[in-house]
Structure formats: structure tokens, C-alpha cells
Amino acid sequence: MLRLSIVLLGVLAVPLFLRLRRRLPPSASAPASLWHNRLLEPLKLFFVNNQQPLPLCESVNGQDIPQPYQSLLFHQHNMTPTLHRFHQSSIHLRVLSREFQHEEEKEWLTRWILLHVEKPTKSQPSATTDLEPRSCEASAQSEKEPTSEHKHKTVEFAAIRISIHNLPSEVAQPIRDGVRPFGSILIESGVRQESHPALFFKIAADKLLKHTMRWESLDPTYLYGRVNVITTPDGKVLAESIEVLPPIHTKQSRH
């Protein structure tokens, strides 16, 4: 009899649990992680290779990204000239690490990089060159450490997977060399390209990202970024670029 009573109570409790579960507000469910998304694999490897846990990463609507991050991410343009126009300064490249992959006649280059600008000083004001994308000056430095981190300001961290085999041969080698920004080489070489943002996200600003990007006074909860798929007009993938912005010290960016 006791067993029968326990079974009956269990049977009655199940519908009650389901009814209560339906009444839970949407905010009670945890946001879905994006780390299962194949496009984020190079960014995931960055944390794995540095033996760090994966920070919270959530999908966001591009139109909901706060300014000025929205203007830097929510568009269909190459990021290098976009950053050049915003910061009104030449964009420099620093390669943190890179990996080459080969499969038959195909070659991929995955690299983790910083884009930075030189901070203006009393003796060297910020550059104010022509801001048109095809005429932007986007210089770079080698993979050596900057002479002084105080002379540079990081404007982007990126994890990019480049399809070397889909690039013209005259462009492939400069990209392998890792001396100048990928976008700058494409633009100045006249390579026809299209940008297709595939995903917008926010990622928790953990210690690894802060150490890597070296931002200063701000202490944000999240950083904003996007996955941009760069193709030829006929659809060949040139690169899949994960672009993360550091905190930007403006009146509009208190997030």
C-alpha cells in the first residue's frame, strides 16, 4: 500500500512540475553558449592554447550593439579601413601566433593578431590621411614586440583563418609573411572582395583578453565582436575573421 501511494504521488507530481516549468519567465533559462559554432573555432583555440577556460560568449543582434561598437561592427566592409577612419590613424599589425595547415593542394593560415595605432604624442600628432578605403594608409610592423606598449593602442584582437589557396599568388606570400594587415594587402592589390558578417556576439572580458589587448582604465563586463566571412564575388572564401573590439573610452561606451 505504501509503495502504491508513493507511485501515485510521483505520477501526480509530474504534471504539476511541467505546469510550473511552463510558467517560468524566459530570463530564467541560461543563454545558449556559442562555442559549439564552427566559425568560432579559431577563437576557442586561443583560450585552449593558453590553458584558459572559455568565457561566456553570447549571440547578439547587430542593431542592439551599443555605440560606438555598432558603427565599427554592423556593416559589410573590411575592418582595416573602418578602424582607420574611426581612429584617424594608420593601422599596424602584430602577429601573436600562427599555424599553417595543408591538405592536398589547399593551404590555410590561422593566426591570432592585434591591430593597433600609434598613440599621439606632443612631438608626433595623430595621422590624418585620406579616409577613403582604397587610399587608406595601413602600415604594419613585424612580429617583434612593440618597443613600448605605452606608444601603441590596441584597436582590435582577431583570430582569422585565411584560405591561402584562394588568393592570387602575388598576394599569398605577403600574407604568409605577416608583416602588413590582411585587409590592407587585399585592398592595395586590387583583390575584389565582399564582406559577409555571419555572427555578432558579446564575450566576457576575462583576464586573458585584458592581458592580450592591454586596455587601460576601463573595466567592461563584455566585449563586442563579429565573425566576418570575406569572399570573392563568385563566392570563394578568402578568410573567416573573428574580430573583437577593446573597450573604447568615449561618453557613449559606458557598458
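Below, the figures for the structure above:
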quantity: Extension gain from residue 58 to residue 229, taking 0.36 nm per residue of separation minus the Cα-Cα distance; calculated: 59.7 nm
quantity: Label-point separation in nm, residue 151 to residue 237, each point 7 Å along Cα→Cβ; calculated: 3.9 nm
quantity: Cross-link pairs beyond the 20 Å C-alpha cut-off, checked among 44/153; 44/210; 44/202; 151/210; 44/207; 106/236; calculated: 44/153
quantity: At R0 = 30 Å, FRET efficiency that the Cβ-Cβ distance of residue 67 and residue 101 yields, to 0.05; calculated: 0.20
quantity: Alpha-carbon Rg with Dmax, taken over the range 146-211, Å; calculated: 15.3, 39
quantity: Listed peptides 223-231, 84-92 by packing density, highest first (mean Cβ within 10 Å); calculated: 223-231, 84-92
quantity: In nm, spacing of pseudo-spin labels at residue 76 and residue 219 (7 Å Cα→C-beta vector); calculated: 4.2 nm
quantity: Euclidean distance of C-alpha centroids, the range 47-73 and the range 82-122, integer Å; calculated: 18 Å
quantity: Förster radius 35 Å - calculated FRET efficiency between residue 204 and residue 165 (Cβ-Cβ, nearest 0.05); calculated: 0.50
quantity: Extended-chain gain in nm, criterion 0.36 nm per residue less alpha-carbon gap, residue 49 and residue 119; calculated: 22.2 nm
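The numbers here are math on the coordinates, done by the rules we state, and not lab data. Model, not experiment: these values are computed from the prediction. We place every Cβ from the backbone using ideal geometry, glycine too, and count neighbours over all the protein chains shown.
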